[in-house]
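Student: One structure, pasted below without further comment.
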Amino acid sequence: MKKLVLLLSIFGAAAFTAAAGAGGSGAERASFPFDEVVYVPCSGEYVELTGSVNFVFHSTFDAAGGQHLKIHSNLQGVSGTGMTTGVKYRGTQSDLDQFNVAEADAPFEGSTVTSEQIIGQGPGNNFVLHESAHFTINANGDLTAQHDRHGARPRGRA
């Protein structure tokens with residue numbers, strides 16, 4: 001579901017730019033079809049998941065001219081079938097992305113937290129992923145801080 005994280009970044013940048021150009025604050029909602037093939041390491045198969053992904057974009061501006069954007073997304077009604085076994089799967093995911101710009105274009109910092117689960121029928125084929133990332137770019141455009149932490153584990157093993 002890394003593709004979804006990339007989409008979040010693209011939608012986030014677009015919403016951030018649009019909000020900045022409008023010079024106001026507010027929230028927007030959007031929903032898009034979701035169709036992605038993912039690998040479930042617990043069962044050793046690929047699964048095509050379909051459903052929808054919902055986004056809420058919220059932008060604010062502070063008195064010093066700083067811009068702040070929060071993007072929350074979650075999957076809704078996402079399910080699929082294992083391409084090898086025919087096992088039914090359900091997918092859940094929740095993301096929270098935050099971006100802050102002090103003024104104009106820099107300094108800039110952002111963070112993202114993702115939790116996802118792919119739940120299959122029977123024991124031993126559930127997958128859980130939690131990921132967090134953060135980065136900071138100074139006024140010169142240099143990356144000054146970065147971390148990426150993730151953990152994935154199988155769930156429901158017999």
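Readers should treat all values here as calculations from the given coordinates under stated rules, not as data from a laboratory. Since the model is a prediction, treat every value here as computed from it, not as a measurement. Here the Cβ positions follow ideal geometry from the backbone for every residue, glycine too, while neighbour counts run over all protein chains shown.
Student: How far apart, in nm, are two points set 7 Å out from the Cα along the Cα-to-Cβ line at Phe32 and at Asn74?
Tutor: So the label points at Phe32 and Asn74 sit 1.9 nm apart.
Student: Now a separate question. In the stretch 108-144, which GluC sites (Glu not before Pro) fall in coil by DSSP and have 14 or fewer other Cβ atoms within 10 Å?
Tutor: On the way: sites: Glu109, Glu116, Glu131; in loops: none.
Within the stretch 108-144, no GluC sites (Glu not before Pro) qualify (loop, at most 14 other Cβ atoms within 10 Å).
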